[in-house]
Every structure is written in C-alpha cells, then in structure tokens.
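The values are calculated or read from the model by the stated rules, or taken from the named source; none is laboratory data. Bear in mind that the values here come from a model prediction, so they are computed numbers and not experimental data. With ideal geometry, Cβ positions are generated from the backbone for all residues, glycine too; neighbour counts draw on all protein chains shown. Just so you know, the surface numbers come from the protein's heavy atoms only, side chains and all, with ligands and any DNA or RNA stripped out. Shrake-Rupley method; radii C 1.70, N 1.55, O 1.52, S 1.80 Å.
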Amino acid sequence: MLKFHKALFFILLAFSMNTFAQSGNIRGFAYEKETGEPAIFTNVYLKGTTLGTTTDVNGYFSISKVPAGSYTLMVTMFGYDTLATPVAVKENEIVTKKLLIKKSSIQIQTVEISAEKQEQKTDVQMSVNKITPKEIKQVPTIGGEPDIAQYLQVLPGVVFTGDQGGQLYIRGGSPIQNKVLMDGMIVYNPFHTIGLFSVFDADIIRNADVYSGGFGAQYGGRISSIMDITTRDGNKTRLAGKVSVTPFGAKTMIEGPLKKLTEENKTTSSFILSAKNSYLAQSSKLFYSYIDTAGLPFNYLDLYGKVTVNSPNGSKFSVFGFNYRDDVKYQAISDLNWRSGGIGSNFVLVPSASPILIKGNFAYSKYKISLSDSASIVDNTPKTSSIGGFNMGIDFTYFLKKNELNYGIEILGYATNFDFYNASKKRIFQNENTTELAGFFKYKIVAGRFVIDPSIRLHYYASLANFSPEPRLGMKVNVTDRFRLKGAAGIYSQNLVSGTSDRDVVSLFYGFLSGPDNLPETYTDEDGNIQDVTHKLQKANHAIVGFELDITRHLNLNVEGYIKKFTQLTNVNREKIYDDNGENSSKPDIFKKDFIIETGTAKGLDFVLKYDYKRLYLWAVYSLSKVDRWDGLRFYNPHFDRRHNVNLVGSYTFGKGLDWEIDVRWNLGSGFPFTQTQGYYPKLELQNFTGDYVNSNGNMGVIYGELNQGFLPYYHRLDANLKRKFVLTENSTLEANIGATNIYNRKNVFYVDRVTQERVNQLPFMPSVGVNLTF
C-alpha cells in the first residue's frame, strides 16, 4: 500500500511540474490588516481579464495559466476596501503575493461582489453548509453566548433529539457515523450533555464545513457525515480578547502576537487561548429553581490553546491542544462523566519553486466516558468506554486555471476499551487496537457550464484485514446564471461501532468500539435469504440529486433529495440472553452474539430558502425524511427517525448605528418513535440463586411492546434574544443581551420512567441575560 502511494506521488508530481512549466502563476495569501487573520472566501482577480479565483480557509489563492505581461491584481470583499496592486508575470514564473485588506470606514449597502456566487458556479457544493462566526451569531444565543451546536440544529437533514442528553443525527446516520475534525484532529464527542452547547468556542472558529452526505474522497472512515472545523490563528497585530458572563456559565478568550505582523515580508507568530465553564448546576438553584429545586445537573469545562508561526511566503505551522470535560448527575437516574483531550499540529507549505499547496497534520486525541445508572449497573460496575489514538495525513493540491488536482494519504491508529451490560444484564466488552491506512485522488474539472468532481478513496483496515475501494462522484450543470442542477454519489465505510442501546430510557452513553469479532457468521436479509457475513465493516452508499435557484439576487432556494443505503451496520444485540461459550454452542447466534448485522435506508427531501441582504437575514428549512432498519427479525424505525422537521430563523439589525440586533428561531419536529411498555412481571434473577424462588419477591420486570412502534408527541420551541452593542473605544465593545428559550413554555417530553410512569420534560421557559466585553 505504501509503495502504491509513493509511486502515485512521484507520477503526479512529475506530470504537474511539466504542466505548470509552460505558463505563469500568481499565488499568495490575503489577510485582514487589523488582525492578520486570513481573509477567507474573498474574490481575487486580474483587472480587465476573466482570470480570477477565491481564497480558501487559509486565505490562499492561486491564478494559473497567466500569459506574460503586466496586470492589476484586485481583492474585493464586502465590508472591506478594494485592494489594487500591480503585478508583472513572466513566462514560467511563479509570483507570490501577501495581500492585506482593510475594513471599510464607509458602509456601502448597495454594492456587493460575492465570492459565494462565484463559488456556486465552480464548485459542486452538494450537501455542504459552510458556516462562519457570522452565521453562528444569527441564531438566538441561548444562555447569552453563541454556539455552533445551536446553529447545527437548524441545518437541513439534521435531527436533534433534545435539550438534555441530545445528539445530532444527520440524514439517517447515528452520531458514531459522523466524523468531527478540528484542524485535522479527530474529536470523538463534540457536544455536551446539555445539548445547547458544543465543546467549541464560537469565537475561535474561522470556518466549519458540514457535509450531510455525498462528500469527496478526501474524507473517510465514516458513512454518514463530516464536520470539518478550522480554528483561527490568533491576532497578529495586537493583544485582544473577550470576557463574557451569563447565568449558564462564563468564558474568557485572549489572543495576540508573539511576533507582530508588518507590511514587510517577515516571519510572524501568534497565540490564542480559550476557556469556558458552565456552573449551571449551581446557578440554576438561584435562577431556575422553578424547574428543579436541586438544580440542573449540567457542568462542563472546556480549555483550548493554539500557537501559530507564519513564514514570509505564507507557509505556516500550528501547534494546538484541548481538554474538555462534562459532568452530569441526574437524580435517581444516572451519574455521567466524560473526559476528552488531545494535542496536535498542522502545517501549510508553499514551496518557492513549485506551484503546489501542501497541507498536513499530526494529532493525538482521547475520550473516556462512564455512566452509572440503576438500569446498567451489575455488581456496581458502570458502563465505560474509551478510545485514544493518533491520526496523521498529508495532501497536495495543484491549481490548473479553474481545475484542481488533489491527492494525499492518511494514517490512523487507535485503541478502544468498552464494557457494557445489555438489558438482559449480559456483559459485552472489548479491548482492541486498530490501524487504518488510506489514500485518495480527486480531480475537479470546470468545463463550460459543467463541473465534474470525480474522486476515489482506497481505505485499508489493517486490524480487520479489509480493503475498501470507494469511488465517488459529484457533478453540477449551470443551466443558466440563476439555475443549477447537481448530483453526487459514492461508497463509504467505517470501522467504529456505537455502544448505545436503543432501549435505554435516556440515551446518554456515547461509547466506541472498533469492528467487533463477535459477529454472527450469517444474517437473514429482508427477503428471508441467509447471507454470509464477509467483512466486519459498516458500509453505505449515497445518492443525492438537487438544484439551486437564485429567485432574486438575495433570495436563494436549494432543494436536495437523497437516499443513503446502509448495506451493513453493526449494532449491539438487544436479544442476547446467553453467554457465547461452549455450553451454549447449540443456541442460535441471535441469542448469544454480542452484536448483530443490520441493514437500512435513509431517504428524504431537504428544502432551504435563504434571504440575506443589508440588515435582514432569513433562513427557512423543511426536511421530510424516513429511516428504517432491518435487524434480521423485523423492520423498525430507530429512535431518531423524525418524519417532519421545520426550522425558521430570522435576524434583523437596526438602530441609528446598527447597534441593535434581534434574533428569532422556531423549531417544529414530529414525534420520535419509542418502544412502549406492554406490562410488568415479577422478575427473579435465577442465576446463582440460593433462596426460596417460590415465595421470593423479584424485582419488577418490564414487558416491552414491539420495538419503536409508539410515537412521542410533536416537539416545538421558540427562542429569541435581543442584543445591544456599546462602542467603548476603537477596539473595545460591550454587548448586553437578553433572551429566552422555549418562550411559550411548550412541555416537550424528555423521557417517561417505565416503572413509576413519571414524565420528565425537556427544558421549560428559561430567560437569560448576559454581557460580554470584547477588547
């Protein structure tokens, strides 16, 4: 496998060097002059020509195949002064530029040059949402601080299962099937148990790309979705920061230069540090005692730091680390805590003599969770799970006019440790070391009205001795300037398996296993045929079609229909009642194996209507979906199968100095399926029983109904907040906000205790006030 990747590298390198040797090339980086941060998604073009491009998340741009001559290089970005700089290009020459753009002191509301519009015509952009801090802040800031978790909940195809213990399910995929990357590092659990908050500080995020399906071969190891987060490097011109306080928690962020950015081409360096802490378990006793006099049991602490060094030509190297923790104590239900930490590095390299962009990363991260509750403890042993390991990768990108050639390799190694008891008190455990190796090749072609984006990923799972070739394809047709057709398809695989049981009353335990050995040798398909289990991977096929319509210059409609065919899934065996040993060798696999094979389908339609002009931002999403599973015995709908989901978001800026802002969000979702309680019986644990079983009183046993045949009531909630900014100095701003979640106090069900029949609801009406100081 390594020999193959080495050969591929040298062949493509030789080909690309020969291709680029015939023409001139202008490349470089665009930065915001005030902070030194990359100016992302910015137009860069040669005045009076059709040659141009947009910057990427690093501020990098490349204009290739430029005829020799003198030009004016233009940089335009809304809210910034247009930059014009002369540039001379010679044949076979690479010109590197560092461009600094300055915020405009005059707000021109009627002039717009949109890099997003250009990107829509040259990129497939299938099932991807590009999120910046601006979008995150336009969703009501529950608790007073914006958070990407709150924005993700309004995306098309995303189902959120609740305010407490909630997880995100993306187009029929479970959380274990969503890969989360932060600067290339794998983050195994990005959300706190109180589902309003993620582990990420919104103020350190530069950009987040969320792919809900059909993603290219540069991503792998997951069969449903990708969340790729890029963090900021830190202010390179001055010491800056932010401090905020709300009833939910407090946060501080500080950033600044270690070596300042100057007009001259010199090496610069910067740092950024962030800490946010929830004290809701304590503050809720004072502010929200009407919910629970014992307080709301959610506390967490998130720490993050990063140091970046930039060379004069734009190459850079970063080192970063994080430590996240979560602690929850539900009275009489569960005691949950998890810890997550990691350290990593990444780099962007711009070789002086070659028109290539090289990016790479190396990181180590770990995650451990423990859950104790009355339903899971056997002999005082809680559910536990841990995963830890490294991931590293390097990729190469060439720009050939509007076309792009991209290839690379990725290596992962991790260990999993899992200990779990199912509903029948049978133990499922695993200790496993896993290694994965992958290579990918991707080539984007822009030809007239067509954009074709073929790619292939070759993924080898060493511990399972399984090789998975995964071709993928994206296409777009610019039918008119306002109407575009698009489609994508691909094959996807993964090794990791979730340890969550579908019959947990509250799904809090987010455990990890690698592809398990204790699988049945055969399974029964949907047609009743016996099929051999030929591999231990989870696999899925994606097919997506859609269109984009610019109804007006500022009103856009995006429609996508999708189907995800899960051809093999691994799930915890709910039917296990025997240990898998010689004594039970004659028992059917369905009653003794730790895991079972399932198949399934997720299909749906997503509609997104977006209006963004001047001071008004509107976002309307409707998702229609259906998810089903076949477990060898029955069809069922998983607990996150929501048929209808509506999200309406509005943001309006007003006031003489545009210093007021109001944000509103309303969510409506149809009820989730659940397994009903059919009855009760006295349950005696007869194993190792020595008493009088005739006269003994057992515990109360539950007789379950058919799996997930009931449906909870509809969920809906209205959130809003009002913000006011006060400019203190040139660099200091005080912002005060007031808001509320669940304004009309909808009683959305959280869970119903099967024994006591007590109903516990999601969070009720919760007002909040907050203040933050940016300096």
Under the 7 Å Cα-to-Cβ spin-label approximation, K117 and A68 lie apart by a distance in nanometres of 3.7 nm
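T480 to T677: FRET efficiency via 1/(1 + (r/R0)^6), r the Cβ-Cβ distance, R0 60 Å, to the nearest 0.05? Mind showing how you got there, number by number?
Numbers: r = 57 Å, r/R0 = 0.94.
The value I calculate is 0.60.
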Skip the ligands, DNA and RNA, and give the accessible area per residue of the stretch 529-661 with a 1.4 Å probe, whole Å².
44 Å²
Among G487, L464, Y680, pick out the residue whose Cα is farthest towards the positive end of the charge dipole of the chain, where Lys and Arg carry +1 and Asp and Glu carry -1 on C-beta, about the Cα centre.
G487
Protein accessible area in the chain, 1.4 Å probe - carbon and sulfur %
58 percent
Hydrophobic long helices for the chain, i.e. whole DSSP H runs reaching 24 angstrom or more by Cα along the axis with Kyte-Doolittle mean at least 0.5, come out as 2-20
The stretch 464-594: relative contact order from alpha carbon pairs under 8 Å, six or more residues apart, as a whole percent, is 23 percent
Which ³J(HN,Hα) values, rounded to whole Hz and listed in residue order, are derived for the stretch 267-276 from phi using the Karplus coefficients 6.51, -1.76 and 1.60 in 6.51 cos²θ - 1.76 cosθ + 1.60 with θ = phi - 60°, glycine and proline given as x?
5, 10, 8, 8, 9, 8, 10, 9, 9, 9
Placing +1 at every Lys and Arg Cβ and -1 at every Asp and Glu Cβ, with all other atoms neutral, what dipole size does the chain have around its Cα centre, in debye to the nearest 20?
2100 debye
Fully extended contour minus Cα-Cα distance, from L658 to T522, at 0.36 nm per residue
42.5 nm
For the stretch 156-200: Kirkwood Rh in Å [reciprocal of mean 1/r, alpha carbons]
11.1 Å
With the crude spin-label approximation of a point 7 Å out along Cα→Cβ, what separation in nm comes out for L239 versus A620?
5.0 nm
Let me know the charge dipole size of the stretch 423-488 about its Cα centre in debye, to the nearest 20, where only the beta-carbon of Lys, Arg (+1) and Asp, Glu (-1) is charged.
360 debye
In the full protein assembly as shown, how much of D203 is accessible to a 1.4 Å probe, in Å² to the nearest 10?
20 Å²
Pull up the DSSP beta bridges for the chain and report the antiparallel fraction as a percent, rounded to 5.
95 percent
With a point put 7 Å past each Cα toward its Cβ, work out how far F390 is from E264 in nm, to one decimal.
3.9 nm
Could you work out the relative contact order of the stretch 577-671? I mean the mean sequence separation of Cα pairs under 8 Å and 6+ apart, divided by the number of residues, in percent.
21 percent
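For the stretch 380-487, what is the accessible area per residue in Å², given a 1.4 Å probe and the full set of protein chains?
For the stretch 380-487, the per-residue accessible area is 41 Å².
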Given bins 20 angstrom wide, list per bin the percent of all Cα-Cα distances in the chain, short to long.
15, 50, 30, 5, 0
Most to least packed among 214-224, 740-750 [average Cβ atoms within 10 Å]
214-224, 740-750
Relative contact order, percent, of the chain when contacts are C-alpha pairs under 8 Å separated by at least 6 residues?
10 percent
Ordering 634-640, 228-234, 651-657 by per-residue average of other C-beta atoms within 10 angstrom, highest first, gives 228-234, 634-640, 651-657
What shape does the stretch 438-505 have by the C-alpha gyration tensor, where a ≥ b ≥ c are the square roots of the eigenvalues, rounded means a/c under 1.5, and otherwise prolate means a/b greater than b/c and oblate the rest?
oblate
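Mind checking the per residue accessible area of the stretch 183-310 for me, 1.4 Å probe, whole number of Å²?
Dividing the accessible area of the stretch 183-310 by its residue count gives 30 Å².
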Once the dipole of the stretch 224-301 is set up from charges on Cβ (+1 Lys and Arg, -1 Asp and Glu), the residue from the list L261, F248, I229 lying farthest towards its positive end is L261
Mind checking which lysines have their Cα closer than 21 Å to the Cα of K65? Skip sequence neighbours fewer than 8 apart in that chain.
K47, K90, K97, K98, K121, K401, K402, K442, K444
Cα point-scatterer Debye curve for the stretch 615-680, base-10 log of I(q)/I(0) at q = 0.14 Å⁻¹:
-0.63
With bins of 10 Å, the percent of all Cα-Cα pairs of the stretch 288-366 per bin from 0 is 15, 28, 20, 16, 12, 7, 2
